[in-house]
Amino acid sequence: MGETKADGTKMANLTETQAVPPVTKGSKKAERNSVFSWIIVLALLGVWMSVAVVWFDLVEYSSVVGTLGGVYDADGDGDFDAEDAKVILGLKKKTIEVKEAAYKNEDVPLDQKAVKGSTADTFRDTESEVRPEEPVPFNEDRTSSFHPFDVSLTDSKEHIDSTGELVVEALPEKTLELSATERYQDEEPYHAHMEEKKSKTKDTPGSKVLPDMTFEPESTLPLTETLHETSEPKAPSKAITESQESGHESAPEVTAETKGKKKKPKLFNKFDKIIKSEISAADKLRKKGKVEEALHAFEALVQKYPQSPRCRYGKAQAEDDVAEKLRSNEMLLKAVTTYREVAELPDTPADLIKATLKRCADRQQFLGRMRGSLATLEKLVHIFPDDITLKNDLGVAHLLIGDNKGAKGIYEEVLTVAPNDGFAKVHYGFILKSENKIAESIPYLREGLESGEPGTDDGRFYFHLGDALQRTGDVSQAYKWYEAGYQHGHFASVWQRSLYNVAGLRAQPWWSAKETGYTDLVRMLEQNWKIIRDEALLVLDAGSGQFLPEDENLRETGDWGQFTLWQQGRKVPSSCQSVPKTCAFMERYPETTTCKRGQIKFSVMQPGTHVWPHTGPTNCRLRMHLGLVIPPRGCQIRCTNQTRNWEEGKVLIFDDSFEHEVWQEADSYRLIFIVDVWHPELSQSQRHALSPI
């Protein structure tokens, strides 16, 4: 019944006047579609925000995940994707809760645990990408750590004691390198041996062939351009530049089998993929140069996930970065230890083992721990026996400790399975040359250089190939290769072929005392030459064996002995006891006694001696010859294209980084006093910083 209003009309019953639409299947479907549409909108919004964050770097990724993760990151993997949508729709459960339990042995489903004991291939990350590792120069490249004729030694020796710890013992005074504790004391960015940068331009003032020289080298050989430009420094501030990108680490070099088809190394195991967002956030701090913050972040991750290889690798990299920033050997030692720990963890991917142990070996070499580096590389070769690049690196490690025999065996193995490997060829040729197998060394050195493979474009190989050709009489070909080495930036000129150089120093073969600025030293030598001569003759006549045969393989014929008083800026006390007056004279002149790249010594040369054309190792010194006993005829020295004779009581001064040659064709011996001095244009700070030779 209707109700009557004040105007007398009746209100209609609600059920009769307001029709309510019936509930149908179609209306329910529309409602579901509307809900699904909102889900899609939210999904797209999350995707585009991710694009804005990651690709355009508009805001901090970690802060976005922290703010929006609860809304969009439904499955807990650090980003929004199809799996998140499944969680929102109720088709999948969240997995983030299990990530901590995975390494705490808590009861979680087997498919969500990082299964221990499986092979490295089981947990390879198909999404990660790394950049190829920079070639490791030893001074900036593979081979620049060993001298043209000698292999550098460090002033520490190592062995493993019964506890398995690395023990470092001090070596005797004689050393060819700075100790590890000296490596960070210079103001310059650190390098593997604190080497000075080599000049890379042919037009550096003072480095051209002098205009009065008559030799005109023939055109350079057609050499294949190398893929790698060498050296120490030749180097950036880091010995090896690493990618700072999140999840992008230094990768092993491409082997001969995979050349042309680069494979992305896989550095994440199954569990590390789950926590990839946390690793990426810490890596981003490294990318921005916030190395201390990155180290703290990775230390926290390692504490939280102690069995995560990728977290520990990030910690090692951060320690490496902090060591460079603080110039701290102590921190670098920590990095070396952490790198080793990565390879020992269970479920470490094979590519990560390779990357971390290679970096560990490089850092050990930087610290002067050559035997430790050798052991690390031996372990790598044992794990990856088919990797030729690792075997080549192992061969270099043998050379760095003076084990040419061990290196030779390695390169023979490589050339058996890869007869065209250019890197192995140049190093095998180098070893043959050091064994005085001159003719045999030539094809290996030449073919290795012509290959243009990384690590072959090194001044030592041009140096030794040219020298071998000279000694076999093929002079024109020798100077073609010297010219090629000059064109590639390894030599200051065709004549000046030293390899340990400071750019910009005045370069000329012969010097006067006035030009050197060391007139007081020259005057002292010439005024006291008879006293110096008489002391040397007493040692020579005594036949005590203090004059030792020249051991640098520079003689073609004859007999050449030397008696050393100072070596690499260090006095030889036993020698000075035999010639006390001479040593007392020299101690007044620090420009010579502190010359770490030279010697002070007596030199006696018997009749019938010929010294091959050769160059000294560095342009950082000048060499003085004081004549003591000089036959009237038959003794000559050539430097570049100028030949001179010694005179008793007179000093000759030349730059032995230029090619020079000696003949002794007299009827009696020739005795001179050799005094090396710092190049006068080197500053005191440069003299202090340069490594010994």
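The values are calculated or read from the model by the stated rules, or taken from the named source; none is laboratory data. Just so we're clear, the structure is a prediction, and the values are computed from it rather than from any experiment. Backbone-built Cβ (ideal geometry, glycine too); neighbour counts: all protein chains shown. With ligands, DNA and RNA removed, areas are computed over all heavy atoms of the protein, side chains included. Shrake-Rupley method; radii C 1.70, N 1.55, O 1.52, S 1.80 Å.
Has the stretch 541-552 got at least one residue that is within 30 Å of Tyr462 (Cα to Cα), of a type in the set (S, T, N, Q) and touching a helix residue (DSSP H, G or I) at 6+ places or on another chain (Cβ under 9 Å)?
Within the stretch 541-552, none of the residues are within 30 Å of Tyr462 (Cα to Cα), of a type in the set (S, T, N, Q) and touching a helix residue (DSSP H, G or I) at 6+ places or on another chain (Cβ under 9 Å).
When you go through (1) among the charged types (D, E, K, R); (2) open to solvent by 50 Å² or more (accessible area, probe 1.4 Å); (3) not in a loop (DSSP other than H, G, I, E, B) one by one for Glu591, which number turns out not to apply?
Of the numbered conditions (1) among the charged types (D, E, K, R); (2) open to solvent by 50 Å² or more (accessible area, probe 1.4 Å); (3) not in a loop (DSSP other than H, G, I, E, B), the odd one out for Glu591 is (2).
Surrounded by fewer than 20 Cβ atoms within 10 Å (Cβ to Cβ) and either modelled with pLDDT of 95 or more or in contact with a Phe, Trp or Tyr (Cβ under 9 Å, 6 or more places away or on another chain) (or both), is that true of Glu278?
Values: surrounded by fewer than 20 Cβ atoms within 10 Å (Cβ to Cβ): no; either modelled with pLDDT of 95 or more or in contact with a Phe, Trp or Tyr (Cβ under 9 Å, 6 or more places away or on another chain) (or both): yes.
When the stated conditions are applied, Glu278 does not pass them.
For the stretch 528-559, which positions are of a type in the set (A, V, I, L, M, F, W, C) and either at positive phi or part of a helix (DSSP H, G or I) (or both)? Working first, answer last.
From the stretch 528-559, those of a type in the set (A, V, I, L, M, F, W, C) are 529, 531-532, 536-540, 542, 547-548, 554; that's our starting set.
Within the stretch 528-559, Trp529, Ile531, Ile532, Ala536, Leu537, Leu538, Val539, Leu540, Ala542 qualify.
List the strands (runs of 3 or more DSSP E) inside the stretch 601-693, counting only whole elements, that have at least 1 residues being open to solvent by less than 10 Å² (accessible area, probe 1.4 Å), of a type in the set (Phe, Trp, Tyr) and touching a residue at least 40 places away in the same chain (Cβ under 8 Å).
Values: elements: 609-614, 621-629, 635-639, 642-644, 651-654, 660-664, 670-678.
Hits in the stretch 601-693: 651-654, 670-678.
Residues checked against (1) farther than 23 Å from Trp481 by Cβ; (2) free of Cβ contacts under 8 Å to residues at least 60 places away in the same chain; (3) in contact with a helix residue (DSSP H, G or I) (Cβ under 6 Å, 6 or more places away or on another chain):
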residue	(1), (2), (3)
Asn392	no, no, yes
His398	yes, yes, yes
Gly402	yes, no, no
Glu412	yes, yes, no
Thr416	yes, yes, no
Pro419	no, yes, no
Ile431	no, yes, yes
Glu447	no, yes, yes
Ser451	no, no, yes
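Do we have any residue at all in the stretch 567-577 that's surrounded by 16 or more Cβ atoms within 10 Å (Cβ to Cβ), closer than 27 Å to Pro617 by Cβ and among the hydroxyl-bearing types (Ser, Thr, Tyr)?
Within the stretch 567-577, one or more residues are surrounded by 16 or more Cβ atoms within 10 Å (Cβ to Cβ), closer than 27 Å to Pro617 by Cβ and among the hydroxyl-bearing types (Ser, Thr, Tyr).
For the stretch 495-506, give me the residue count where each residue is over 27 Å from the mean Cα position of the chain (by Cα) and crowded, with 23+ Cβ neighbours inside 10 Å.
Qualifying residue count for the region: 1.
Would you call Val322 without any contact (Cβ under 8 Å) to a residue 24 or more places away in the chain, part of a helix (DSSP H, G or I) and surrounded by fewer than 23 Cβ atoms within 10 Å (Cβ to Cβ)?
On the way: without any contact (Cβ under 8 Å) to a residue 24 or more places away in the chain: no; part of a helix (DSSP H, G or I): yes; surrounded by fewer than 23 Cβ atoms within 10 Å (Cβ to Cβ): yes.
Here the answer is no, as Val322 does not meet what is asked.
Looking at the stretch 510-559, which of the residues that are touching a strand residue (DSSP E or B) at 6+ places or on another chain (Cβ under 8 Å) and hydroxyl-bearing (Ser, Thr, Tyr) is least open to solvent (accessible area, probe 1.4 Å)?
Going through the qualifying residues, I end up with Thr516.
Every residue in the stretch 325-373 that is surrounded by 24 or more Cβ atoms within 10 Å (Cβ to Cβ), part of a helix (DSSP H, G or I), of a type in the set (Gly, Ala, Ser) and touching a residue at least 40 places away in the same chain (Cβ under 8 Å), please.
Listed by number, the list holds a single entry, Ala355.
Would you point out which residue out of Gln562, Gln577 is among the polar types (S, T, N, Q), without any contact (Cβ under 8 Å) to a residue 12 or more places away in the chain and not in a loop (DSSP other than H, G, I, E, B)? Please lay out each step first, then the result.
Details: Gln562 fails: without any contact (Cβ under 8 Å) to a residue 12 or more places away in the chain.
That would be Gln577, the only listed residue that is among the polar types (S, T, N, Q), without any contact (Cβ under 8 Å) to a residue 12 or more places away in the chain and not in a loop (DSSP other than H, G, I, E, B).
Could you check the stretch 394-442 and list, in sequence order, the residues that are among the small types (Gly, Ala, Ser) and in a helix (DSSP H, G or I)?
Of the stretch 394-442, the ones among the small types (Gly, Ala, Ser) are 395, 397, 402, 406-407, 409, 418, 422, 424, 429, 434, 439, 441.
Residues satisfying the conditions are Gly395, Ala397, Gly406, Ala407, Gly409, Gly422, Ala424, Gly429, Ser434, Ala439, Ser441.
Please verify whether Ser512 is closer than 24 Å to Leu465 by Cα, of a type in the set (Gly, Ala, Ser) and at pLDDT 95 or above, treating the condition exactly as stated. Lay out the reasoning, then the answer.
Numbers: closer than 24 Å to Leu465 by Cα: no; of a type in the set (Gly, Ala, Ser): yes; at pLDDT 95 or above: yes.
For Ser512, the condition - closer than 24 Å to Leu465 by Cα, of a type in the set (Gly, Ala, Ser) and at pLDDT 95 or above - is not met.
For Leu465, are the conditions met, namely being open to solvent by less than 10 Å² (accessible area, probe 1.4 Å) and closer than 29 Å to Pro680 by Cβ?
Numbers: open to solvent by less than 10 Å² (accessible area, probe 1.4 Å): yes; closer than 29 Å to Pro680 by Cβ: no.
The answer is no for Leu465.
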